[in-house]
């Protein structure tokens with residue numbers, strides 16, 4: 001994935017999301033099914049999740065900009081190592 005495409009594609013998610021936070025249970029909707037809420041919970045338990053996660057009641061939420069930045073770091077071109 002080229003840097004330009006990665007930035008534009010993921011920035012479009014930010015522009016379309018109606019809030020400045022995203023609940024863990026909604027990450028599937030935000031990412032178009034790319035990451036399931038259960039998978040996100042597992043990543044968080046490993047200490048590899050987005051920075052700034054917090055709870056509102058019983059729900060884990062992420063600042064939208066931090067979540068998109070985390071996705072950008074995880075994105076790589078198909079066929080590349082690492």
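The values are calculated or read from the model by the stated rules, or taken from the named source; none is laboratory data. The model shown is predicted, which means the values in this text are computed figures rather than measured ones. Here Cβ is always computed from backbone atoms with ideal geometry, including for glycine, and neighbour counts include all displayed protein chains.
Listing for the model above:
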{"quantity": "Those residues of the range 3-44 which are over 16 Å from residue 69 (Cβ atoms) and not in a helix (DSSP H, G or I), in sequence order", "calculated": "18, 19, 23, 32, 33, 36"}
{"quantity": "Residue satisfying condition, being in a loop (DSSP other than H, G, I, E, B), in contact with a strand residue (DSSP E or B) (Cβ under 6 Å, 6 or more places away or on another chain) and under 15 Å from residue 70 (Cβ atoms), within set 52, 47", "calculated": "52"}
{"quantity": "Filter result (assigned to a helix (DSSP H, G or I) and in contact with a strand residue (DSSP E or B) (Cβ under 7 Å, 6 or more places away or on another chain)) within the range 55-65", "calculated": "64"}
{"quantity": "Residue 69 closer than 21 Å to residue 10 by Cα, surrounded by 15 or more Cβ atoms within 10 Å (Cβ to Cβ) and touching a helix residue (DSSP H, G or I) at 6+ places or on another chain (Cβ under 8 Å)", "calculated": "no"}
{"quantity": "Subset tally (residues that are free of Cβ contacts under 8 Å to residues at least 24 places away in the same chain and within 23 Å of residue 76 (Cα to Cα)) for the range 16-25", "calculated": "1"}
{"quantity": "Residues of the range 1-25 classified as under 10 Å from the mean Cα position of the chain (by Cα) and at pLDDT 95 or above, total", "calculated": "2"}
